[in-house]
Each structure stands twice: as C-alpha cells, then as structure tokens.
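Everything on this sheet refers to the single structure shown next.
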Amino acid sequence: MKFQGRSPRKRTGGRRRNFRKKKKHELGDQPTETRVGETRLKTVDARGNTEKVRAITADTASVATDGEVVAADIEDVVENSSNPNYVRRNIVTKGAIIETSEGRARVTSRPGQDGQINAVLVE
C-alpha cells in the first residue's frame, strides 16, 4: 500500500479534519496478489501516458538456467518471505520460491506490476 497521508488523530487523541481530498497521485490501491492458475491479465492506467499490466493469475514462468531462459510450468508456491500466509494461498510475489517443472526457482520480477513471472533456479 502507498502512504495514505497523515494520521487522522493528534498526539493528544484529538481528531484532525482534512483540509482537502486526496489528489490522484496520492490515492492508494489494493495489492494484486497474483495466484497460481490459468493466466489472466488486467491492464491498469498508471501515472503519465503509461499502462501497467497486472497478472491476476499465472501458470508459467520464464526460468533462467545456465545462460538460457526456459518457459516452465508453475506447480506450487513453496516459500514466501514477504508473508507466510501467501504460501497457503498460492500467491506469487517478488522473492517467492516456486516449484516449477524445471525445479525450485526464486521470482525476480513483480507479477502485480509487470504481468509476467521471471525466475532464477535455486540450487
């Protein structure tokens, strides 16, 4: 989540009133939480004249092995240091270790931002 602005309460516990609404660049958004499954993508307007592609679900990963890249099927999420609960829910984020047809691999891309999963084999 993005920084949502100052706290609505003072240190003394009193309430602060907003002096204006949030501007477009101050708005937050829910995390995408890419899951393992048949590939589904979603495009989202980003700041400036750009679009982000979000992976809602994904079943393949580009795995780098010995200087070449192979498209591998994702079988399972084995470990996720960002949130242990993500392992049970099969959610893929950057840094997650996934079980693929090529072996275990660590995710190096951000599927919720890039729309694809790139990974490197873990020995």
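Could you give the accessible area per residue of the chain, probe 1.4 Å, as a whole number in Å²?
73 Å²
What is the stretch 30-102 by shape, rounded, prolate or oblate, if you read a ≥ b ≥ c off the alpha carbon gyration tensor as root eigenvalues and call it rounded for a/c under 1.5, prolate for a/b larger than b/c, and oblate otherwise?
Oblate is the answer for the stretch 30-102, as a/c is 1.5 or above yet b/c matches or exceeds a/b.
Measuring from label point to label point, each 7 Å out along Cα→Cβ, what is the GLU123 to LYS10 span in nm?
Here the modelled spin labels are 6.1 nm apart.
Setting aside same-chain residues fewer than 8 positions from LYS42, which lysines have a Cα under 16 Å from its Cα?
LYS52
What are the ³J(HN,Hα) couplings of the stretch 74-89, residue after residue, when phi is run through the Karplus curve with 6.51, -1.76, 1.60 and θ = phi - 60°? Round to Hz, x for glycine and proline.
Listing the rounded values in order: 8, 9, 6, 9, 8, 8, 9, 6, 6, 6, x, 5, 5, 5, 5, 8 Hz.
Gain in length, PHE3 to GLU75, computed as 0.36 nm per residue apart minus the alpha-carbon separation, to one decimal in nm?
22.5 nm
Using R₀ = 25 Å, calculate the FRET efficiency as 1/(1 + (r/R₀)^6) where r is the Cβ-Cβ separation of ASN83 and LEU41; round to 0.05.
0.65
Residue-wise, which Karplus ³J(HN,Hα) couplings in Hz belong to the stretch 91-104, taking 6.51 cos²θ - 1.76 cosθ + 1.60, θ = phi - 60°, and x for glycine or proline?
Calculated HN-Hα couplings, in order: 9, 9, 10, 4, x, 6, 9, 10, 8, 10, 5, 8, x, 6 Hz.
What residues have an amide H closer than 5 Å to that of ILE74, excluding those fewer than 5 places away on the same chain, when H is modeled at 1.01 Å from N in the peptide plane?
Hits under the 5 Å cutoff: THR60, ALA61.
Between GLY115 and residues 5 or more places away or on another chain, which pairs have amide H atoms under 5 Å apart, with H built 1.01 Å from N, and which residues are they?
Long-range HN contacts for GLY115: ALA55.
If you roll a 1.4 angstrom probe over the protein chains with everything in place, what fraction of the accessible area of the chain belongs to carbon and sulfur, to the nearest %?
45 percent
The values are calculated or read from the model by the stated rules, or taken from the named source; none is laboratory data. Remember, it's a predicted structure, so these values are computed and weren't measured experimentally. Neighbour counts are summed over all protein chains in view; Cβ atoms, including those assigned to glycine, are modelled from backbone coordinates with ideal geometry. In case anyone asks, the SASA skips ligands and DNA or RNA and just uses the protein heavy atoms, side chains included. Shrake-Rupley method; radii C 1.70, N 1.55, O 1.52, S 1.80 Å.
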